[in-house]
Amino acid sequence: MARSPRRRGSGEEVRGALSRLRSGKIDSLYLLHGPETFLRDEFVGEIRRAVLGDEGSDFNHDFFTWGETPARDIAAAAQTLPFMGGRRLIEVRGLGQVADHDAEILSPLIDDPSPEAVVVFTAERADMRRAFFKKLAGAGAALKLEPPPQRELPQWAQSQAEGLGFTLTREAAMLLAEWVEPSLGRIRSELEKLAAYLGPKKTADEEDVRSLVGRSRAEAMYKLGDFLAEGNAGRALALVGDLSETDSGPQFLVGFLRNQIRRWTIARAGERKGLGQKELAELLGVPPFAAGRIQQQARKASPRFLRDLYGKLLAVDRRVKRSGGSTAALRAIELFIIEVNRDSTGFSRQTQDRAAGRPSSWARA
């Protein structure tokens, strides 16, 4: 009888599932889906250790790729008795669309899973509205693995560093999360380099991160924020053009702008509440020097302007997703920057008013 599916997607549920695994409570079926490949691979590794032990067992381990292996072979592997006791582990990677005849073949291993086998399905996307995925989620553990929110990345980095045998200070973790793109795999890679770089030293501080981790794109993002806050559309457009020629595609630029507007809004609210730079840094999840820079930028904008700006960016995001091409997407972002500069209540007006010695119309906002 199918059980009610466990809640999916929250970090708490993922941590709970890991805790169950490490205590020896292993489900017969797993569906691991979501965009964060590092977390998926890490969770699969935990399942392997729980089922096969640290040494592993080729005799009791089957690995299949969906679309390349017939569903009947997967079902047959799940019904095969393990070699010399224990349990078999069947991994099915890249699960995508499941045709009706394949769903029918796999139904027995979902309806009546073998106690001597553990079947793990992984997928980048799983449409939980479809009958097959609903049924699979109801019979086993279904977890959506996504990167943690930006504000939680420093804590995640510190936890990973601990596992690598060194201590990452809070300030260093915040700097690392700020400089490295929001990919857990990239952050983990930088931490592994830090572990090798430290040698007998067991603590990594901000200086270690500055010495080892590249900062070119992060600094470019800060400069883009500066140019927008200064009302300097020409330099902002030139920088966007340069970034578009690297691996920072239009969708990344939209994501950065969304995050930047969110940070400006929080900085304005924090200033009204009397938060200091250190408190603001903790709230934003950035190093103190970055919080000060964001705060200086935010002072040039009114809360109403920032709310309007966010609404305009959502429209740009829709155009970028519909464009189907990088040229059209880049054009949408460029038009957004020009519009921001032309807004009579925005950054450029504030800059012009100050240069002319006039009080802004919303200086007290």
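Return the pairs, sorted by first residue and then second, in which the second residue is surrounded by fewer than 19 Cβ atoms within 10 Å (Cβ to Cβ) and in a helix (DSSP H, G or I), the first residue lies in the range 153-165 and is without any contact (Cβ under 8 Å) to a residue 24 or more places away in the chain, the beta carbons are less than 8 Å apart, and the residues are 6+ apart or on different chains.
Listed pairs, sorted by first residue: Q158/R170.
Check off (1) under 14 Å from Y30 (Cα atoms); (2) β-branched (V, I, T); (3) part of a helix (DSSP H, G or I) for I105 and give me the number that stays unchecked.
Condition (1) is where I105 drops out.
Being among the charged types (D, E, K, R), in contact with a strand residue (DSSP E or B) (Cβ under 7 Å, 6 or more places away or on another chain), outside the structural domain of R188 (by TED's automatic domain parsing) and modelled with pLDDT of 85 or more narrows it down to one residue among R72, R87; which is it?
R87 is the lone residue from the list that is among the charged types (D, E, K, R), in contact with a strand residue (DSSP E or B) (Cβ under 7 Å, 6 or more places away or on another chain), outside the structural domain of R188 (by TED's automatic domain parsing) and modelled with pLDDT of 85 or more.
Tell me whether the range 133-145 contains one or more residues that are surrounded by fewer than 14 Cβ atoms within 10 Å (Cβ to Cβ), out of contact with any strand residue (DSSP E or B) (no Cβ under 7 Å at 6 or more places or on another chain) and not in a strand (DSSP E or B).
no
Anything in the range 216-250 that is of a type in the set (F, W, Y) and at pLDDT below 85? List them, or say none.
If we filter the range 216-250 for residues that are of a type in the set (F, W, Y), which is where we start, we get 222, 227.
Within the range 216-250, just Y222 meets the criteria.
Does L309 satisfy being more than 21 Å from W264 (Cα to Cα), modelled with pLDDT of 85 or more and buried (at least 19 other Cβ atoms within 10 Å of the Cβ)? Give the steps one after another, and end with the answer.
Numbers: more than 21 Å from W264 (Cα to Cα): no; modelled with pLDDT of 85 or more: yes; buried (at least 19 other Cβ atoms within 10 Å of the Cβ): yes.
Criteria not met by L309.
Residues to consider are F289, F305; find the one that is in a helix (DSSP H, G or I) and either among the small types (G, A, S) or closer than 27 Å to R342 by Cα (or both).
One residue alone meets the criteria, F305.
This table checks each residue for (1) in contact (Cβ under 8 Å) with a residue 60 or more places away in the chain; (2) more than 30 Å from I187 (Cα to Cα).
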{"position": "V44", "(1), (2)": "yes, no"}
{"position": "R49", "(1), (2)": "no, no"}
{"position": "T69", "(1), (2)": "no, yes"}
{"position": "T80", "(1), (2)": "no, yes"}
{"position": "G96", "(1), (2)": "no, no"}
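Out of (1) closer than 23 Å to R342 by Cα; (2) free of Cβ contacts under 8 Å to residues at least 24 places away in the same chain; (3) surrounded by fewer than 17 Cβ atoms within 10 Å (Cβ to Cβ); (4) in contact with a helix residue (DSSP H, G or I) (Cβ under 8 Å, 6 or more places away or on another chain), the odd one out for G234 is which?
Checking G234 against (1) closer than 23 Å to R342 by Cα; (2) free of Cβ contacts under 8 Å to residues at least 24 places away in the same chain; (3) surrounded by fewer than 17 Cβ atoms within 10 Å (Cβ to Cβ); (4) in contact with a helix residue (DSSP H, G or I) (Cβ under 8 Å, 6 or more places away or on another chain), the one that fails is (4).
When only residues in the range 28-50 that are buried (at least 18 other Cβ atoms within 10 Å of the Cβ) and hydroxyl-bearing (S, T, Y) count, which is farthest from D127 (Cα to Cα)?
Top of the filtered list is S28.
Quick test of your reading of the structure: L253 fulfils all but one of (1) at pLDDT below 85; (2) touching an Asp or Glu at 6+ places or on another chain (Cβ under 7 Å); (3) closer than 17 Å to L228 by Cα. Name the failing condition by number.
(2)
Find all pairs meeting these conditions: Cβ atoms under 8 angstrom apart; at least six residues apart or on different chains; first residue within the range 198-212 and exposed (fewer than 12 other Cβ atoms within 10 Å of the Cβ); second residue modelled with pLDDT of 90 or more and part of a strand (DSSP E or B).
Qualifying pairs under 8 Å: K202/T167.
Return the total of residues in the range 20-35 being over 23 Å from S107 (Cα atoms) and over 25 Å from the mean Cα position of the chain (by Cα).
Number satisfying all stated conditions: 3.
Residue-by-condition table, conditions (1) more than 25 Å from the chain's Cα centre (by Cα); (2) in a loop (DSSP other than H, G, I, E, B); (3) exposed (fewer than 14 other Cβ atoms within 10 Å of the Cβ):
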| residue | (1), (2), (3) |
| --- | --- |
| F64 | yes, no, no |
| M84 | yes, yes, yes |
| G96 | no, yes, yes |
| I110 | yes, no, no |
| T122 | no, no, no |
| S159 | no, no, yes |
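Answer yes or no: is there a residue in the range 314-331 that is assigned by TED's automatic domain parsing to the domain that holds G346, basic (K, R), under 22 Å from D226 (Cβ atoms) and surrounded by 15 or more Cβ atoms within 10 Å (Cβ to Cβ).
Let us first name the residues in the range 314-331 that are assigned by TED's automatic domain parsing to the domain that holds G346, namely 314-331.
Add one more test, that the residue is basic (K, R), and what stays is 318-319, 321-322, 331.
Narrowing further to those that are under 22 Å from D226 (Cβ atoms): none.
No, the range 314-331 contains no residue that is assigned by TED's automatic domain parsing to the domain that holds G346, basic (K, R), under 22 Å from D226 (Cβ atoms) and surrounded by 15 or more Cβ atoms within 10 Å (Cβ to Cβ).
The values are calculated or read from the model by the stated rules, or taken from the named source; none is laboratory data. Predicted, not measured: the structure shown is a model, and the values here were computed from it. Note that each Cβ is placed from the backbone with ideal geometry, even for glycine, and that neighbours are counted across all protein chains shown.
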